[in-house]
């Protein structure tokens, strides 16, 4: 939805996802060091029965550099899935595939089948703006519009015509702020600028803005990496509450966060999806050596 | 599986340190058990006293290692194999401490037995049982030291032999007691020692279960031996069966 405008400053960051070393093009060419473990497809349980979104054979290229290699993944309905992995492993790129955020990057090419409730989201008939209303996004840095708190939340609703009169809009703004756990703190300051809030409040404002358009899926790209532990805890608590109504995919660099909030965890490595499993399993007994190395903080 | 290779060198050292302390504690407990058994079989009161005083050291080590583990959990939030290592260590040292307690009990009764020489002669039975217990204990600690789940699974089930010996010994003691009620006191003491030996065997088996948990990530407690072997060690099933049948033919 409207966040597209605000993502532009973040774009170069996305485009520079390229710590991927030159990969061997054929499998006979052995490129490995002591800790390198071959990745032969995804281990674990990438598919679920009640998939909300699913990707099959997803490849992403930036120019002629391939960022993601053949990812197959389902995101279950009303679940929180955490995408983890080292920088440049393609997890953010994959997240952006899910609401066609990569469309705005000229050199970016996405292939494979991607569906939301079984509908192809890369179909020519799909309107990306409407798609992004159904699949909302929250970014690493809180990015409220330079408008009042009220207008920040009301923006998307106005754009999509979700409220027919002022009263409905008021209710919608209030409900969204309550869901985002921010209403109590700002109810007397709704017409003050959103940029005047603290970082944690701003981030919750962005979440309120994302849920105001009643999305089905919320994508979160390191939503708490700029916040202190208390604001982080509040957002995590919020995610847990939102889970009953929304499907959430979160990219995080904090493994403890992934362990705390998610039901399933997907581990990406050098553009490949290495392992998807229940979070409990991933953090106690991961199947793949690379996952193990990453979450235990070993070389790999 | 290996303990090292964390990006944080300090973390490696902390885990390595914990593991070394457990091995040290294992060594201490093993020697305590050996000494207690020697004191029992040879009526050596001095040695028995030594065991009683050294038990304090075992207890101290348990507390110390427990603290180290708590600190690692708080500071490092270990995951996956590291987490399993810490959890396994916490459990292993509990069993080691209990083994230490049993050794101390054996030492205590052996002091009394040495003071009151008796006609109750169970030397050969006790000595046979002790050999079995010590070998299980030694092998369990060895499996832990080398993080060798294959060895650990071989040890599981070896306590059936100990249990048989214990039953035989109990029967023998009962005949002594029926013969002459004056034997009851000493017979009971011997019986308690045998019970302690049998418990040491059980604790050693628990250690093997933690080794399997640590290496394979599977909790095999309260699971039948056949199930463990067929499910988690299918490839060595044949070897294991061969080894067992060899063992039995030797016996």
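The values are calculated or read from the model by the stated rules, or taken from the named source; none is laboratory data. Since the structure is predicted, the reported quantities are computational estimates derived from the model, not experimental observations. Heads up, the Cβs are rebuilt from the backbone with ideal geometry, glycines too, and the neighbour counts pull from every protein chain shown.
Could you tell me how many of the residues in the stretch B:77-106 are under 25 Å from residue B:148 (Cβ atoms) and within 14 Å of another protein chain (Cβ to nearest Cβ)? Adding up the residues that qualify gives 11. Report, by residue number, each residue of the stretch B:155-164 that is within 18 Å of residue B:102 (Cα to Cα) and crowded, with 17+ Cβ neighbours inside 10 Å. Across the stretch B:155-164, the qualifying residues are B:159, B:162.
Residue by residue, here is whether (1) part of a strand (DSSP E or B); (2) free of Cβ contacts under 8 Å to residues at least 60 places away in the same chain holds:
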| position | (1), (2) |
| --- | --- |
| A:176 | no, yes |
| A:184 | no, yes |
| A:191 | no, yes |
| A:202 | no, no |
| A:208 | no, yes |
| A:211 | no, no |
| A:219 | yes, no |
| A:231 | no, yes |
| A:236 | no, yes |
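Entry remark, the stretch B:224-234: residues being surrounded by 15 or more Cβ atoms within 10 Å (Cβ to Cβ) and more than 14 Å from chain A (Cβ to nearest Cβ) number 3 in total. Which ones in the stretch B:21-76 are within 14 Å of another protein chain (Cβ to nearest Cβ) and either crowded, with 16+ Cβ neighbours inside 10 Å or touching a residue at least 12 places away in the same chain (Cβ under 8 Å) (or both)? Of everything in the stretch B:21-76, those that are within 14 Å of another protein chain (Cβ to nearest Cβ) and either crowded, with 16+ Cβ neighbours inside 10 Å or touching a residue at least 12 places away in the same chain (Cβ under 8 Å) (or both) turn out to be B:72, B:73, B:76. Tell me whether the stretch B:85-92 contains one or more residues that are more than 30 Å from residue A:282 (Cβ to Cβ), out of contact with any strand residue (DSSP E or B) (no Cβ under 7 Å at 6 or more places or on another chain), surrounded by fewer than 22 Cβ atoms within 10 Å (Cβ to Cβ) and at pLDDT 95 or above. Within the stretch B:85-92, none of the residues are more than 30 Å from residue A:282 (Cβ to Cβ), out of contact with any strand residue (DSSP E or B) (no Cβ under 7 Å at 6 or more places or on another chain), surrounded by fewer than 22 Cβ atoms within 10 Å (Cβ to Cβ) and at pLDDT 95 or above.
Number of residues in the stretch A:256-277 that are surrounded by fewer than 24 Cβ atoms within 10 Å (Cβ to Cβ), within 14 Å of chain B (Cβ to nearest Cβ) and more than 15 Å from the chain's Cα centre (by Cα): the value is 4. In contact with a helix residue (DSSP H, G or I) (Cβ under 9 Å, 6 or more places away or on another chain), more than 14 Å from chain B (Cβ to nearest Cβ) and at pLDDT 95 or above: does that describe residue A:234? When the stated conditions are applied, residue A:234 does not pass them. In this structure, residue B:182 does not qualify as within 24 Å of residue B:146 (Cβ to Cβ), more than 14 Å from chain A (Cβ to nearest Cβ) and either free of Cβ contacts under 8 Å to residues at least 12 places away in the same chain or not in a helix (DSSP H, G or I) (or both).
Restricting the stretch B:167-188 to residues that are within 22 Å of residue B:35 (Cα to Cα) and buried (at least 20 other Cβ atoms within 10 Å of the Cβ), the residue that is nearest to the chain's Cα centre (by Cα) is B:169. When A:109, A:125 are checked against the criterion of being at pLDDT below 95 and in a strand (DSSP E or B), a single residue qualifies: A:109.
The residues in the stretch A:278-289 that are buried (at least 24 other Cβ atoms within 10 Å of the Cβ) and either more than 7 Å from chain B (Cβ to nearest Cβ) or farther than 16 Å from residue A:262 by Cβ (or both) can be counted, and the count is 1.
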